[in-house]
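The values are calculated or read from the model by the stated rules, or taken from the named source; none is laboratory data. Treat the numbers as computed from the prediction; the structure is a model and nothing was measured. As a convention, Cβ positions derive from the backbone with ideal geometry for all residues, glycine included, and neighbour counts pool all protein chains shown. Quick note on the areas: whole protein, heavy atoms, side chains included, nothing else; ligands and nucleic acids left out. Shrake-Rupley method; radii C 1.70, N 1.55, O 1.52, S 1.80 Å.
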Amino acid sequence: DGGITQSPKYLFRKEGQNVTLSCEQNLNHDAMYWYRQDPGQGLRLIYYSQIVNDFQKGDIAEGYSVSREKKESFPLTVTSAQKNPTAFYLCASTKVIATNEKLFFGSGTQLSVL
Amino acid sequence: GDSVTQMEGPVTLSEEAFLTINCTYTATGYPSLFWYVQYPGEGLQLLLKATKADDKGSNKGFEATYRKETTSFHLEKGSVQVSDSAVYFCALFDYKLSFGAGTTVTVRA
């Protein structure tokens, strides 16, 4: 079955540590996104990528980094510069960036600080 | 920039009650509008969408009409069930999806 797989489901970060969240899709989608979800604030866009080897900052990119070396994969690294990393992180993809394309979401990763 | 404002929750209803979640938007162009639903512990799923003014999106008994004159896209369901308990997000799409803050809905038997 086609879909988006995020791993791990739960992740803990120690102070000063970088952690990487995995996102893999087998939908042959060109565009991929990372969102951060905080209670009462909805979803905020961290980074997005329209094609391989290209990505753009979203609304809250500071303290995060991404790569897009393969079409199927869009890992997100939460760096030690992100001072408030505890949140639910959602990866999404769509075939192309178009006005009426729906996003497919993964099941999310809950990141917590030890 | 483009933005979405939706009514704050939480909303608690009894089964078979009528549900309305208000959503208004601000956009410079003519965005597509969406409602997404998130069940506990899961990612988001598309519930319905509308791509132009006066379009009505519908799915699973939910409806929303794209009202350009009032810049609104309110979600409605005539008779809710316990299984409708979830967080509902209004969103608009320009080159990226912009989400509202989400409204938590709890339906009691």
- Comparing each residue of region A:68-114 in the complete protein assembly with the chain by itself (heavy atoms, probe 1.4 Å, ligands and nucleic acids ignored), those losing at least 30 Å² of accessible area are A:ILE97, A:THR99, A:ASN100, A:LYS102, A:LEU103, A:PHE105
- Message: If you average the alpha carbon positions of region B:36-109 and of region A:57-114, how far apart do those two centres end up, in angstrom?
- Response: 22
- Report B:SER98's accessible area, 1.4 Å probe, all protein chains in place, as a number in Å² to the nearest 10. 20
- Query: Hey, any idea what Rg/Rh is for region A:65-114, computing Rh the Kirkwood way over Cα pairs?
  - Reply: 1.03
- Share of carbon and sulfur in the accessible heavy-atom surface of region B:15-109 [1.4 Å probe, %]: 47
- Task: Treating only the Cβ atoms of Lys and Arg (+1) and Asp and Glu (-1) as charged, compute the dipole magnitude of chain B about its Cα centre; round to the nearest 20 debye.
- Result: 160
- Message: Leaving out ligands, DNA and RNA, and with a 1.4 Å probe, what % of the accessible surface on chain A is carbon or sulfur?
- Response: 47
- Query: How big is the charge dipole of chain A about its Cα centre, in debye rounded to the nearest 20, if each Lys and Arg gets +1 on its Cβ and each Asp and Glu gets -1 on its Cβ?
  - Reply: 200
- Which value, in Å², gives the accessible area per residue of the protein assembly as shown when a 1.4 Å probe is used on the protein heavy atoms? 48
- For the charge dipole of region A:1-70, defined by +1 on Lys and Arg C-beta atoms and -1 on Asp and Glu C-beta atoms about the Cα centroid, which residue among A:ILE60, A:MET32, A:ILE4 has the Cα displaced farthest towards the positive pole? A:ILE60
- Item | Projected label distance in nm at A:ASP59 and B:THR70, using a 7 Å step from Cα toward the beta-carbon | 2.4
- Query: Assuming R0 = 35 Å, what is the FRET efficiency of A:LEU27 and B:PHE18, from their Cβ-Cβ distance, to the nearest 0.05?
  - Reply: 0.45
- Sorted from largest down, give the three principal axis spans of the alpha carbons of chain B, whole angstrom values. 42, 27, 20
- Given A:LYS57/B:LYS52; A:LYS71/B:LYS56; A:LYS102/B:LYS68; A:LYS95/B:LYS52, which pairs have Cα atoms separated by over 25 Å? A:LYS57/B:LYS52; A:LYS71/B:LYS56
- Item | Scattering curve values for the protein assembly as shown, log₁₀ I(q)/I(0), Debye with Cα scatterers, q = 0.11, 0.13, 0.15 Å⁻¹ | -0.54, -0.75, -0.98
- Item | Complex-versus-alone comparison for region B:80-109, residues with a loss of 20 Å² or more in accessible area, probe 1.4 Å | B:PHE89, B:PHE93, B:TYR95, B:LYS96, B:LEU97, B:PHE99, B:ALA101
